[in-house]
Structures are given as structure tokens and as C-alpha cells.
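Student: Before I ask anything, here is the structure I am working with.
The values are calculated or read from the model by the stated rules, or taken from the named source; none is laboratory data. Everything numeric here is computed off the predicted structure, so don't read it as measured data. We place every Cβ from the backbone using ideal geometry, glycine too, and count neighbours over all the protein chains shown. The area values use the complete protein model at the heavy-atom level, side chains included, leaving out ligands, DNA and RNA. Shrake-Rupley method; radii C 1.70, N 1.55, O 1.52, S 1.80 Å.
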Amino acid sequence: MATQGTVRALEGVRVLDMTHVQSGPSATQLLAWMGADVVKLESPTGDITRSQLRDLPDVDSLYFTMLNCNKRSITLNTKTPRGKEILTELIRRSDVMVENFGPGAVDRMGFSWERIHEINPRLVYASVKGFGDGPYTGFKAYEVVAQAMGGAMSTTGFEGGPPMATGAQIGDSGTGVHVVAGILAALYQRERTGRGQRVNVAMQHAVLNLCRVKIRDQQRLANGPLAEYPNESFGDEVPRSGNASGGGQPGWAVKCAPGGANDYVYVIVQPAGWRPITELLGRPELAADPEWATPEARLPKLGKMFQLIEEWTSTLPKWDVLDRLTARHIPCGPILSTKEILADVSLASDGMVVEVEHPERGTFTTVGSPIKLSDSPTTIDRSPLLGEHNSEIYAGELGLDENEIQLLKTDGVM
């Protein structure tokens, strides 16, 4: 928790948040957690995720509340002349503007980058798009579309099976993290130049960046099979390889007792770890057996190696397996279900699983900030209600009187 008087890392930075759904809101939420004043500008009907996947009637969904903490909300119809005037003033007063509309949507509002830069030369204007310039520019982008076209799906899944999506939202939230990096770099450069700039991040590009090890392996294929993969055969493309680690040390998820959906431990077999593993298996002779003793000997039979390990792990609960492996300094980790994660005491104590009070839905659980700054602690506050800060910003900061605010509501501008 931040102590009284603590100066937050991004304190004094005003972010005009014109994003919706996930890729943009995940970025602006990170900025808010680091201390920026994030003003979420919504249409009078609100971000569509307020009503998507609702678990309670007529209450903001968890989809919305978990992506919009620590922000303020105002409503504005930017299609109206007065709405455009107010948006102009908001741009003038902001340090950062973020949007993830379809290509050209903000330009069609009358706010091209040239116009925005004219209004506020110091503004950093960040855009999230599905794709870069080229034949895919006009494609509609969603999480799994980005995974499909960024290299993730073709390399995820088991040999002989269909391409699979990852549970991690690397297309949306993964892009959001890249956007934050670009914004912070632009703000830092502004300290030297006094000028704002464009920040563009495409979802396909962000996913590709996260798939660089597979691009590495595509090039290695030119020199022969990938020995650390458990696959029996190789073509001219990186194959799907199940739970193989994809790194220099072979790894696999092995079954544990009693055999439930998430009763698995992921085990990595380093050269130094082979002898202690053979001792745990009750097969110490394998440590000196030329057929098993070296990494080079084990690589051609990774499937058999992990089968031997699984014959042992399947007799024990995953937490017992974890204790025995870690006691011997063997890299491993239990497969944690979402239920187990929400109940994990260590994650709660680290501020990664957080209980938040909400005026309409009561208490809800959300994910805390993974970025820990020693001089800028993060407090997770609830997401705003739709238009909750209209008066605070329009009257208190822009100086609109109550009569005009009422007229704006009547005319559908707010």
C-alpha cells in the first residue's frame, strides 16, 4: 500500500483513455497502477464490456471491472459538434492519448495525428491496431486472430493435433504491455525534445515478438531436426510439440496422483539434475548408464525419459512431487488451476490476487500489478461507474457550469 505523501512514478501524467474491450484498457490500467491519472472517455452507452459476460444483472461485468481499475470515467458523444469541442480541450490538457478503434476511425472524427499534434504538440498518441500497414490492415482483429496470425497457434498443441490457442491473452493484454513500453519511452524522449509522438503497436506484431523462439527454431531447421523437441519427424516448419519447453533444457508436464485435470508438475531435466532424478525414481543405475547418462544420449528418447519420471510422479500428489524435486534443486512447478491461484496465499501476500470493494457488485477478486516499484507502491482501486466523474472533470476541471452540463445531457452529448 502506498503511504501518505508517496509520489507515484507517473503522478502528474494525464492519460486520455479512449480504449475499449481488452488490449487498450489493459495498457491504460497498467499506467493507472503506476500513478497516472487515467480518464476513461466512453460513449454515453459505455464500454461494451460493461455488459458482456455479466454474472450479475445490471451490474458492470467482471470483464470490465478487472480491466479498468484505478481510472476515472466520463461520457462524451464525440460525433456531435460540441462533443468534438470538448474532446479538443481534453486533448489539450492531456499528456497521453490511447485508442484502439478500427483503422482510420479517429481520423474520421476529425482528429488526425496532424490535428492532434497541432492541438497539443507534447501529446503522446498511442494506437493499438490489429495489423500493421499492408494487406491485413483492414482485417478485424481479436485475441485468437492475433494468435493465429502472429505464429502462436501453429506452434501450440500436440503433434498430429490441431493448432491451439493459449489461455494467456497474449494478443490483447500482451499487446497492452507493449503499448505501455512505447508510451513510457515516448514520455522519456519528450523530456529531452519537448515533443510528443505517435506510438503504434499491432496485435499481430506483439504476438510475433512473443514467439521469437519459434522463429529462431524455424531457422535452425535448415540445419537438421530440433533435437530438444520430442517429435518423431520434422518437415520444413516448426512443429507443434506439446509441453516441450522449447529451450535448451528438455521439460514436460508429468501426471501426478490422484490424476485430476490439473494434477501435473512441469519438470525440467538439466544435466546436473539427472542423477538426483534417477535416485528419486529408484533407478540410480541410469545415472551411469551410457544409454542415459548424458544429455546427448537422452535427447533421442525424451518421451521415454519423461515416461519413466511419470511412472514415479503418478504415485504421489503434485505438492509431494514438488517438495521432493525442489529439495534436490530440480526446476519444476505444479500446474495451478485458476481456483488454486485465487486461493494462493503467496499471491495474495504479494498483491497479485486482490479483493476490491465495488459499490454495486460488492467485493470482487482481481489481479494486482505485476510491476513492483520500490518507491512507487501500487494500490488497486475499483473501476469507475459509467460517467461517475462527469461533474468532477467537466465542471471542476474544464469549468463548465451546471446549466451547460445539464444541457449536454439533454442533447445527448454527455
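Student: Within the range 79-98, track down each residue that is surrounded by fewer than 18 Cβ atoms within 10 Å (Cβ to Cβ) and assigned to a loop (DSSP other than H, G, I, E, B).
Tutor: Within the range 79-98, 79, 80, 93 qualify.
Student: Under the condition of being among the polar types (S, T, N, Q) and free of Cβ contacts under 8 Å to residues at least 12 places away in the same chain, which residue from the range 191-249 is most open to solvent (accessible area, probe 1.4 Å)?
Tutor: So, considering only residues that are among the polar types (S, T, N, Q) and free of Cβ contacts under 8 Å to residues at least 12 places away in the same chain, the one most open to solvent (accessible area, probe 1.4 Å) is 223.
Student: I'm trying to understand the selection: among the residues of the range 276-300, which are part of a loop (DSSP other than H, G, I, E, B), open to solvent by 30 Å² or more (accessible area, probe 1.4 Å) and under 23 Å from residue 321 (Cα atoms)?
Tutor: 282, 283, 293
Yes/no matrix, rows are residues, columns are (1) more than 25 Å from the chain's Cα centre (by Cα); (2) in a loop (DSSP other than H, G, I, E, B); (3) at positive phi; (4) among the aromatic types (Phe, Trp, Tyr):
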position: 117; (1), (2), (3), (4): yes, no, no, no
position: 127; (1), (2), (3), (4): no, no, no, no
position: 132; (1), (2), (3), (4): no, yes, no, no
position: 138; (1), (2), (3), (4): no, yes, no, no
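Student: Just one of the numbered conditions (1) outside any strand (DSSP E or B); (2) touching a strand residue (DSSP E or B) at 6+ places or on another chain (Cβ under 8 Å); (3) open to solvent by less than 60 Å² (accessible area, probe 1.4 Å) is not true of residue 266; which one?
Tutor: So residue 266 meets the others, but not (1).
Student: Please determine, by comparing only the residues of the range 144-159 that are small (Gly, Ala, Ser) and open to solvent by 30 Å² or more (accessible area, probe 1.4 Å), which one is nearest to residue 235 (Cα to Cα).
Tutor: Taking the range 144-159 first, the residues small (Gly, Ala, Ser) are 146, 148, 150-152, 154, 157.
Among the residues that remain, those that are also open to solvent by 30 Å² or more (accessible area, probe 1.4 Å) are: 148, 154.
Numbers: 148: 20, 154: 13 Å.
It comes out as 154.
Student: Of the residues 9, 32, only one is outside any strand (DSSP E or B), surrounded by 16 or more Cβ atoms within 10 Å (Cβ to Cβ) and touching a strand residue (DSSP E or B) at 6+ places or on another chain (Cβ under 6 Å); which?
Tutor: The conditions single out 32.
Student: Quick one: which residue in 66, 109 is in contact (Cβ under 8 Å) with a residue 60 or more places away in the chain, out of contact with any helix residue (DSSP H, G or I) (no Cβ under 6 Å at 6 or more places or on another chain) and farther than 27 Å from residue 189 by Cα?
Tutor: 66
Rundown of residues vs (1) in contact with a helix residue (DSSP H, G or I) (Cβ under 6 Å, 6 or more places away or on another chain); (2) basic (Lys, Arg); (3) at pLDDT 95 or above; (4) under 16 Å from residue 21 (Cα atoms), yes/no style:
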site	(1), (2), (3), (4)
100	yes, no, yes, yes
124	yes, no, yes, no
128	yes, no, yes, yes
140	no, yes, no, yes
148	no, no, yes, no
154	no, no, yes, no
175	yes, no, yes, yes
180	yes, no, yes, no
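Student: What about residue 227, is it assigned to a loop (DSSP other than H, G, I, E, B) and hydrophobic (A, V, I, L, M, F, W, C)?
Tutor: yes
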